[in-house]
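Let me begin by presenting the structure, written as structure tokens, before commenting on it.
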Amino acid sequence: MTLRVLGVDPGVAVTGYGVVEPESGKPGRLIECGVIRTDSKHEIWQRLDAVYEGVVELIERHQPSVLALETVFYGKNVRTALTLGHVRGVILLAAARAGIEVAEFAPRAVKKSVVGTGGAAKAQVGYMVQQLLSLKVPPSPHDAADGVAVGLTYLLTRSLAR
């Protein structure tokens, strides 16, 4: 069975994702990337349901071996961190119900593994994802590039651990 990683950058408005596989001679190969958008006019529970259903659909379609998920960024806004925790919860539930492994990475660790510095800007992450995967353009929007970067982090750290 081929290793396939679903990388997810959680967000209540926009959740970015990228599906990657190892490829000989390169850090990985991009299968698909994109975003799951929720409607800001909807209640939080409806938005969480939309993220959950989107992740379930991705898992069913791509059959990943691993779901790589970015951890909560601890900022000054407690409400934002709490809401992001809810989003992460439904993503973790989708992975648990599918019976797939979960690997979690801090935002700084993702940036460091892909760009080389934990303080990289979103544009730098997109550019390095483009370079590492030999893409013609960076994944768009930035949230999709971030999802790919999370998946790549799993592949890169897995190959370093060997």
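Summary of computed values
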| read-out | value |
| --- | --- |
| Whichever residue in the stretch 104-128 is touching a residue at least 40 places away in the same chain (Cβ under 8 Å) and of a type in the set (A, V, I, L, M, F, W, C) and, among such residues, is nearest to residue 88 (Cα to Cα) | 105 |
| Residue 149 being of a type in the set (Gly, Ala, Ser) and farther than 16 Å from residue 29 by Cα | no |
| Residue in the stretch 117-138 that is in contact with a Leu (Cβ under 9 Å, 6 or more places away or on another chain), small (Gly, Ala, Ser) and under 27 Å from residue 56 (Cα atoms) present | no |
| Selection from the stretch 48-80 of residues that are assigned to a helix (DSSP H, G or I), at pLDDT 95 or above and out of contact with any helix residue (DSSP H, G or I) (no Cβ under 7 Å at 6 or more places or on another chain) | 49, 50, 53, 54, 57, 58, 60, 61, 62 |
| Failed item, numbered, when residue 88 is tested on (1) in contact (Cβ under 8 Å) with a residue 40 or more places away in the chain; (2) open to solvent by 70 Å² or more (accessible area, probe 1.4 Å); (3) of a type in the set (D, E, K, R) | (2) |
| In the stretch 24-46, residue least open to solvent (accessible area, probe 1.4 Å) [restricted to those that are charged (D, E, K, R) and in contact (Cβ under 8 Å) with a residue 12 or more places away in the chain] | 32 |
| Any chance residue 83 is over 16 Å from the mean Cα position of the chain (by Cα) and in a helix (DSSP H, G or I) | yes |
| Residues (hydrophobic (A, V, I, L, M, F, W, C), within 13 Å of the chain's Cα centre (by Cα) and not in a helix (DSSP H, G or I)) located in the stretch 103-131 | 103, 105, 106 |
| Single match in 68, 109 (criterion: small (Gly, Ala, Ser) and buried (at least 19 other Cβ atoms within 10 Å of the Cβ)) | 68 |
| Filter result for residue 103 (over 17 Å from residue 143 (Cα atoms), modelled with pLDDT of 90 or more and either of a type in the set (S, T, N, Q) or exposed (fewer than 15 other Cβ atoms within 10 Å of the Cβ) (or both)) | no |
| Scope the stretch 5-18; condition surrounded by fewer than 24 Cβ atoms within 10 Å (Cβ to Cβ) and part of a strand (DSSP E or B); matching residues | 14 |
| Residue count, the stretch 114-156 (criterion: in contact with a Phe, Trp or Tyr (Cβ under 8 Å, 6 or more places away or on another chain), farther than 22 Å from residue 13 by Cα and open to solvent by 10 Å² or more (accessible area, probe 1.4 Å)) | 1 |
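The values are calculated or read from the model by the stated rules, or taken from the named source; none is laboratory data. All values reported here derive from a predicted model rather than from experimental measurement. When we count neighbours, we look across all protein chains shown, and the Cβ atoms used for this are built from the backbone with ideal geometry, even at glycine. For the accessible areas, the whole protein counts, side chains as well, though only heavy atoms, and no ligand, DNA or RNA atoms are used. Shrake-Rupley method; radii C 1.70, N 1.55, O 1.52, S 1.80 Å.
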